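Before any comments, here is the structure.
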Amino acid sequence: MTTLKGPGIFLAQFLGDTAPFNSLESICEWAASLGFVGVQIPSWDPRCIDLQKAAESKTYADEIKGLVNSKGLQITELSTHLQGQLVAVHPAYDALFDGFAPDGVKGDSKARQEWAVQQLKYAAKASQNFGLNAHATFSGALLWQTVYPWPQRPAGLVEEGFKELARRWKPILDEFDRCGVDVCYEIHPGEDLHDGETYEMFLKEVNNHPRACLLYDPSHFVLQCLNYLEYIDFYHERIRAFHVKDAEFNPTGKQGVYGGYQGWVQRAGRFRSLGDGQVDFKGIFSKLAQYDFKGWAVLEWECALKHPEDGAREGAPFIKDHIIHVTERAFDDFAGSGADTDFNRRVLGLQ
């Protein structure tokens, strides 16, 4: 078994225009001061990284890595959540998702998708240059508007949607394979990969591609009323990244899973800072240790109530206290009697 690495922190929710959140150097100093030992870097934010340059220049990648290391930290993964979303966008969401794209491709869905695909390919090479073996992203969605369909979905619609999603992702997965890096899809409402069934449909269409892996985040399963512990039993061989994020689901007589169009504070399901929600993290960390998860435990802070800096300050020790330093021997070894084949056959009454 392997002891999980961590605590790490996803920087996306903390970056801003004021110190210490306005540069990679200063935000790394801040993270290290709280007890984090790893950072997950959002590749779309120029305050952190020039993704294309990191893909094309090993020297530049080494400089970024050296800066992070100089603060006592490691890079856990790169993230392309925003770019991955743009690999597949239904026209109903065009205007909303244009905000994730650079000005030069806004309003042009074909150019925007091509830009997103190239970004993912840059991320594969950049991850290789950083010496990373996992990458965090979203799948995008062509079918999400039909998740609770009325009128009913036409026959074959879902199958065709997943074939197209696979067609778009297969060249990206192949590029990550050439670079020796796993693509870890965050299973998330709003994405076509939002639970186990949808992941399996996608996996079938990409012929069980070895790089089509998972980022495990239990908060998104709490809000779907999905058994997030059993999910690990099903998919542990594909889980390569881990967001440590809490959530709670408190349905009322007025609203449930869909939230009644309410804001986050008023929703029955909402994200919370670590320890303030309902997620059984002891169970999760135990299962990941049991299944020999070799990746990082990374805080993704999102909370409807608590200040982000308080969430980060509390998050580092929370994760550290939950990481199980795995044992190297069985607890009852002291009572072992030693054995060999002859002894075992005598115990079985065979000689």
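Matching residues to (1) without any contact (Cβ under 8 Å) to a residue 12 or more places away in the chain; (2) charged (D, E, K, R):
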site: 36; (1), (2): no, no
site: 42; (1), (2): no, no
site: 45; (1), (2): no, yes
site: 48; (1), (2): no, no
site: 53; (1), (2): yes, yes
site: 70; (1), (2): yes, no
site: 82; (1), (2): no, no
site: 87; (1), (2): no, no
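Restricting attention to region 226-276, and to residues there that are aromatic (Phe, Trp, Tyr) and touching a Lys or Arg at 6+ places or on another chain (Cβ under 9 Å), which single residue is nearest to residue 81 (Cα to Cα)?
Only one residue fits best here, namely 271.
Being without any contact (Cβ under 8 Å) to a residue 60 or more places away in the chain and not polar (S, T, N, Q) is the filter; apply it to region 282-302 and report the residue that is nearest to residue 31 (Cα to Cα). Top of the filtered list is 282. The residue that is farthest from the chain's Cα centre (by Cα), counting only those in region 167-222 that are open to solvent by less than 10 Å² (accessible area, probe 1.4 Å) and over 19 Å from residue 236 (Cβ atoms), is 206. Taking region 138-155 as the range and being without any contact (Cβ under 8 Å) to a residue 60 or more places away in the chain, among the small types (Gly, Ala, Ser), at negative phi and part of a loop (DSSP other than H, G, I, E, B) as the test, only 155 passes.
Considering 287, 306, which residue is closer than 23 Å to residue 196 by Cα, basic (Lys, Arg) and either assigned to a loop (DSSP other than H, G, I, E, B) or modelled with pLDDT of 95 or more (or both)?
Values: 306 fails: closer than 23 Å to residue 196 by Cα.
Result: 287 is the single residue among 287, 306 that is closer than 23 Å to residue 196 by Cα, basic (Lys, Arg) and either assigned to a loop (DSSP other than H, G, I, E, B) or modelled with pLDDT of 95 or more (or both).
Scanning region 5-15 for residues that are open to solvent by 20 Å² or more (accessible area, probe 1.4 Å) and within 20 Å of residue 302 (Cβ to Cβ) yields 6, 12, 13, 15. Please pick out the residue among 31, 19, 61 that is open to solvent by less than 20 Å² (accessible area, probe 1.4 Å), of a type in the set (A, V, I, L, M) and more than 21 Å from the chain's Cα centre (by Cα). None of the others qualify; the one that does is 61. Scanning region 230-248 for residues that are more than 13 Å from residue 195 (Cα to Cα) and either part of a helix (DSSP H, G or I) or not aliphatic (A, V, I, L, M) (or both) yields a total of 10. Among residues of region 125-143 being within 16 Å of residue 50 (Cβ to Cβ) and in contact with a strand residue (DSSP E or B) (Cβ under 7 Å, 6 or more places away or on another chain), the one that is surrounded by the fewest Cβ atoms within 10 Å (Cβ to Cβ) is 130.
The values are calculated or read from the model by the stated rules, or taken from the named source; none is laboratory data. Here the structure is a predicted model, which is why all the values come from computation and not from measurement. For neighbour counting, all protein chains shown are included, and Cβ atoms are generated from backbone atoms with ideal geometry for every residue, glycine included. Ligands, DNA and RNA are stripped out before the accessible areas are found, and what is left, the full protein with its side chains, is counted by its heavy atoms. Shrake-Rupley method; radii C 1.70, N 1.55, O 1.52, S 1.80 Å.
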